[in-house]
1. Among the numbered criteria (1) over 21 Å from GLU8 (Cβ atoms); (2) open to solvent by 30 Å² or more (accessible area, probe 1.4 Å); (3) more than 15 Å from the chain's Cα centre (by Cα), which one does GLY23 miss?
2. Answer with yes or no whether ALA117 is without any contact (Cβ under 8 Å) to a residue 40 or more places away in the chain, more than 17 Å from LEU6 (Cβ to Cβ), outside any loop (DSSP other than H, G, I, E, B) and open to solvent by less than 40 Å² (accessible area, probe 1.4 Å).
3. Could you list, in sequence order, the residues of region 98-123 that are farther than 21 Å from ARG68 by Cβ and of a type outside the set (Lys, Arg)?
4. Criterion first (open to solvent by 50 Å² or more (accessible area, probe 1.4 Å), touching a strand residue (DSSP E or B) at 6+ places or on another chain (Cβ under 7 Å) and free of Cβ contacts under 8 Å to residues at least 60 places away in the same chain) does GLU62 satisfy it?
5. How many residues, within region 59-114, are in a loop (DSSP other than H, G, I, E, B) and closer than 21 Å to ILE26 by Cα?
6. Here's a check for you: in region 65-81, which residue that is under 16 Å from ILE103 (Cβ atoms) and touching a strand residue (DSSP E or B) at 6+ places or on another chain (Cβ under 6 Å) is surrounded by the fewest Cβ atoms within 10 Å (Cβ to Cβ)?
7. Does ARG100 meet the test of being open to solvent by 70 Å² or more (accessible area, probe 1.4 Å), of a type in the set (D, E, K, R) and in contact with a Phe, Trp or Tyr (Cβ under 8 Å, 6 or more places away or on another chain)?
8. Residues of region 26-46 being at pLDDT 90 or above and open to solvent by 70 Å² or more (accessible area, probe 1.4 Å), which ones?
Amino acid sequence: MNIEELREFILSLSGVTEDQPFGDDIITFRLEGKIFVCLWLGGSPHDMKDAEPHFAIKLLPERNEELRLEHAGDVAPAWHWNKKHWSDVFYQRMESRLIREWIMESYRLIVSKLPKAIRTKYL
């Protein structure tokens, strides 16, 4: 999966918006104002050393641990995010199917935390 396919997939999800509150090198994807994916575009002086294309994804803490164990080297604690709740995914190394599943899992996590009246729009 390349960066354009990744962005297109995320934006295809109902209610998703994108913005760049952290600068030109990062796109955040939100549902009802809540960030669930943060896509690194590269080029920042604050990048991880020798960084590969990646995104940060929000998942349940135990799910992050599971993915980091199963996909060591491809999934790691998020560089600039709460490492308990966020993982960096080096998506160019991974199967597109897995990437889409994990993004959907993050999206559903955000949906589950929304007030009931709003949540029903996304179920």
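1. Every condition holds for GLY23 apart from (2).
2. On the way: without any contact (Cβ under 8 Å) to a residue 40 or more places away in the chain: yes; more than 17 Å from LEU6 (Cβ to Cβ): yes; outside any loop (DSSP other than H, G, I, E, B): yes; open to solvent by less than 40 Å² (accessible area, probe 1.4 Å): no.
The answer is no for ALA117.
3. Listed by number, the residues that qualify are VAL111, SER112, LEU114, PRO115, ALA117, ILE118, THR120, TYR122, LEU123.
4. No; evaluated as a whole, the condition is false for this residue.
5. Keep residues of region 59-114 that are in a loop (DSSP other than H, G, I, E, B), which gives 59-60, 71, 73-74, 78-85, 90, 94-95, 114.
After this cut, where a residue has to be closer than 21 Å to ILE26 by Cα as well, the list is 59, 74, 78-85, 90, 94.
Of the residues in region 59-114, 12 are in a loop (DSSP other than H, G, I, E, B) and closer than 21 Å to ILE26 by Cα.
6. Restricting to residues being under 16 Å from ILE103 (Cβ atoms) and touching a strand residue (DSSP E or B) at 6+ places or on another chain (Cβ under 6 Å), the top hit is TRP81.
7. Working: open to solvent by 70 Å² or more (accessible area, probe 1.4 Å): yes; of a type in the set (D, E, K, R): yes; in contact with a Phe, Trp or Tyr (Cβ under 8 Å, 6 or more places away or on another chain): yes.
Taking the combined requirement at face value, the residue satisfies it.
8. GLU32, LYS34
The values are calculated or read from the model by the stated rules, or taken from the named source; none is laboratory data. Worth saying up front: this structure is predicted, and the values here are computed from it rather than measured. With ideal geometry, Cβ positions are generated from the backbone for all residues, glycine too; neighbour counts draw on all protein chains shown. Side chains included, ligands, DNA and RNA excluded: accessible areas come from the protein's heavy atoms. Shrake-Rupley method; radii C 1.70, N 1.55, O 1.52, S 1.80 Å.
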